[in-house]
């Protein structure tokens, strides 16, 4: 492996990662497929490393990095995407380039407007190139090797992954964590999956697991904040506390999503909630206290 970036995907038999490799252009990343299926020949292709291992995403990734410490030594950035994301080789190239150009410690591509999503702010915003935050999704976090070195051990303590974003936010330097609107990926399946089923079978909700994880690790910051953005024209703006001008600028950037969303009613509810919280100055929380 000679490239400076690495993608590690926990992949089942229906993983979309083969699409990421299509095309004749070069890539600036290596690919390690952490396969949890049963086919001995699946995903064994040239220039791809296959690593076998069962279990949910984050505990599986913990085993990967425990067994392969060279991944943390040999790369500048490591992307940890879900296997149901549709992306191109060039998309992933640009993601790594933008993280490096802005010196990000944690970056996340935004979701296309026709994606399934949970949080409104994970969708691409038409008015910005990137948005600085203290929160990223767990679908496709892109971490600097230094940040991953500090936090991969936490992966063993969570099935859902909820709470890892709090660990990253606590450790990240100011303005070094961002959603990247210049790079989009499409989330092709409804939110939720085998990790949540595994928790349900144990009689635990993701929120319950997150509260337990936060108590165990000493993380207590649950308010989601955006600190600023790089606009489409390249200007950088900053958000003051309860900055309704900033918030409504962001809201306008999500309006075009109505043209492509698979669920207009759900998007409308998310937009209405965002507007209400902005008008009433109600903080957005990862989970409510309980």
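Among the residues making up the stretch 115-131, a single one is within 18 Å of residue 225 (Cβ to Cβ), part of a loop (DSSP other than H, G, I, E, B) and at pLDDT 95 or above: 125. Within the stretch 1-16, the set of residues being touching a helix residue (DSSP H, G or I) at 6+ places or on another chain (Cβ under 7 Å) and at pLDDT below 95 comprises just one member, 1. Among the residues of the stretch 243-260, those identified as in contact with a helix residue (DSSP H, G or I) (Cβ under 8 Å, 6 or more places away or on another chain) and over 11 Å from residue 271 (Cα atoms) are 244, 247. Every test in (1) surrounded by fewer than 24 Cβ atoms within 10 Å (Cβ to Cβ); (2) closer than 21 Å to residue 249 by Cβ; (3) in contact (Cβ under 8 Å) with a residue 60 or more places away in the chain is passed by residue 178 save one, and that test is (1). Looking only at residues in the stretch 131-149 that are touching a helix residue (DSSP H, G or I) at 6+ places or on another chain (Cβ under 6 Å) and surrounded by fewer than 20 Cβ atoms within 10 Å (Cβ to Cβ), the one that is nearest to residue 108 (Cα to Cα) is 145.
Within the stretch 266-283, residues that are touching a residue at least 24 places away in the same chain (Cβ under 8 Å) and at positive phi have Cβ atoms under 9 Å from residues that are surrounded by fewer than 16 Cβ atoms within 10 Å (Cβ to Cβ) and part of a helix (DSSP H, G or I) in these pairs: 281/244, counting only partners at least 6 apart in sequence or on another chain. So, of the residues in the stretch 263-290 that are assigned to a loop (DSSP other than H, G, I, E, B) and surrounded by 14 or more Cβ atoms within 10 Å (Cβ to Cβ), which turns out to be modelled with the highest pLDDT? Only one residue tops the list, namely 286.
Can you name every one of the strands (runs of 3 or more DSSP E) wholly within the stretch 1-114 that holds 2 or more residues which are surrounded by fewer than 21 Cβ atoms within 10 Å (Cβ to Cβ)?
Correct list: 29-35, 48-52.
Does any residue of the stretch 132-146 turn out to be part of a helix (DSSP H, G or I), touching a strand residue (DSSP E or B) at 6+ places or on another chain (Cβ under 9 Å) and farther than 21 Å from residue 285 by Cβ? Yes, because at least one residue in the stretch 132-146 is part of a helix (DSSP H, G or I), touching a strand residue (DSSP E or B) at 6+ places or on another chain (Cβ under 9 Å) and farther than 21 Å from residue 285 by Cβ. All of 114, 93 fail the test of being in contact (Cβ under 8 Å) with a residue 40 or more places away in the chain and farther than 11 Å from residue 185 by Cα, apart from 93. On the stretch given as the stretch 234-262, residues that are closer than 13 Å to residue 131 by Cα, in contact (Cβ under 8 Å) with a residue 40 or more places away in the chain, over 22 Å from the mean Cα position of the chain (by Cα) and not in a loop (DSSP other than H, G, I, E, B) total 1.
The values are calculated or read from the model by the stated rules, or taken from the named source; none is laboratory data. Not measured: the values here are computed from a predicted model. Note that we place each Cβ from the backbone using ideal geometry, even for glycine, and neighbour counts take in every protein chain shown.
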